[in-house]
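One structure is given below, encoded as structure tokens.
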Amino acid sequence: MRKPIIAGNWKMFKNAKETKAMLTELIPLVKGSDGREIVICPPFINIESAVSACKGTNVKIGSQNIFWEEKGAFTGEISPGMIKDSGCEYAIIGHSERRQYFGESDATVNKRLYAALKAGLTPIVCVGETLEERENNRTFEVIEKQLKGGFSGLSKEQALKTVIAYEPVWAIGTGKTATPAQAQEVHAFIRKQLEGLFGKEVSSSVRILYGGSVKADNIKELMSQEDVDGGLVGGASLEASGFSKIVNF
């Protein structure tokens, strides 16, 4: 059985005080939420506040990105070792906003993925197509390219330590959501690709999350799909009551 993950990506929201307040409210609401992993990914500057607030609880902390070098003259970047040392257990890699605004590519996703694994972080690797690509029937072509490029050179053992998030770019922050059937179709395709790249054990073990306007009123139906193993939640993770309902689907 693949243990579900419900992860909240806070993007560029909340200061340290707001981070502590939200998590203080959230923790009692998800205290008894067994059988799933709960992850919050705040902005870098608030990781320390988040780790402190969640110490000794079932809520884990991740970063929204990492750099691929351990140290050096890379102004403005944060290394995997720094993220691990701060108390994080997860790192989001290759989010569509990083691809769209900051030049992220399959090659840099691959570098960050290796770096995360080396540092002992669990990478959440994002893949997904734009609206134009979906309308031109290129969804599977795009996903296959992102997987092969991002996971290039990984061993079976390394692949087993990864998490994938399918995020249709057209559904992020738009209010549009892939139907459960659309999500399942792509998740099943991703699993088939993993089997081709790494074998059956990897394809049946790696958790694949859905991201794209996940809310309390659609999470249950999404989670009922055979190959959907959790959610990467954006805006709906910013408020404790609503996010707890997603966690407790």
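Laboratory data are not the source of any read-out in this text; all were calculated from the coordinates shown. Treat the numbers as computed from the prediction; the structure is a model and nothing was measured. All Cβ positions, even for glycine, are placed from backbone atoms using ideal geometry, and neighbour counts span all protein chains on display.
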So, counting K/R as plus one and D/E as minus one, what does the shell of residues with Cβ under 14 Å around ILE40 add up to? 0
In what sequence do HIS187, HIS95 fall when counting other Cβ within 10 Å, fewest first? HIS187, HIS95
Both in Å, the radius of gyration and Dmax of the C-alpha trace of the stretch 155-197 are 12.7, 37
Exposure proxy check: ILE27, ILE219 ranked by fewest other beta carbons within 10 Å? ILE27, ILE219
Among the lysines, which fall within straight-line cross-link reach of LYS14, defined as a Cα-Cα distance under 17 Å, with same-chain neighbours fewer than 8 residues apart omitted? none
Anyone know which of PHE44, PHE189, PHE102 comes out most mobile in the 10 Å Cα GNM of the chain? PHE102
Cut-off 10 angstrom, C-alpha nodes, Gaussian network model of the chain. Which of ASN46, ASN110, ASN137 fluctuates the most? ASN137
Please sort 120-127, 69-76 by packing, taking for each peptide the average over its residues of neighbouring beta carbons within 10 angstrom, highest first. 120-127, 69-76
Need one word for the stretch 32-123: rounded, prolate or oblate. Basis is the Cα gyration tensor (sqrt eigenvalues a ≥ b ≥ c); a/c below 1.5 gives rounded, then a/b vs b/c decides. prolate
Taking a straight Cα-to-Cα line shorter than 17 Å from LYS192, and setting aside same-chain lysines fewer than 8 residues away, one finds LYS145, LYS148, LYS156, LYS200
Do you know the relative contact order of the stretch 50-95, to the nearest whole percent, from alpha carbon pairs under 8 angstrom that are 6+ apart? 46 percent
Quick check: net charge around LYS118, other residues with Cβ under 12 Å of its Cβ, Lys/Arg +1 and Asp/Glu -1? +2
Taking TYR166, TYR114 and counting other beta carbon atoms within 10 angstrom, the fewest-first order is TYR114, TYR166
List the lysines whose alpha-carbon lies under 17 Å from that of LYS11, not counting same-chain residues fewer than 8 positions away? LYS20, LYS60, LYS215
Contact order relative to length for the stretch 5-247, counting C-alpha pairs under 8 Å separated by 6 or more residues, stands in percent at 20 percent
D_trans [Stokes-Einstein, Kirkwood Rh over alpha-carbon pairs] for the chain, 20 °C, 1.002 mPa s, µm² s⁻¹: 119 µm²/s
Enumerate the calculated ³J(HN,Hα) couplings along the stretch 67-74 in order (Karplus 6.51 cos²θ - 1.76 cosθ + 1.60, θ = phi - 60°), each rounded to whole Hz, writing x wherever the residue is Gly or Pro. 9, 9, 9, 7, 7, x, 7, 10
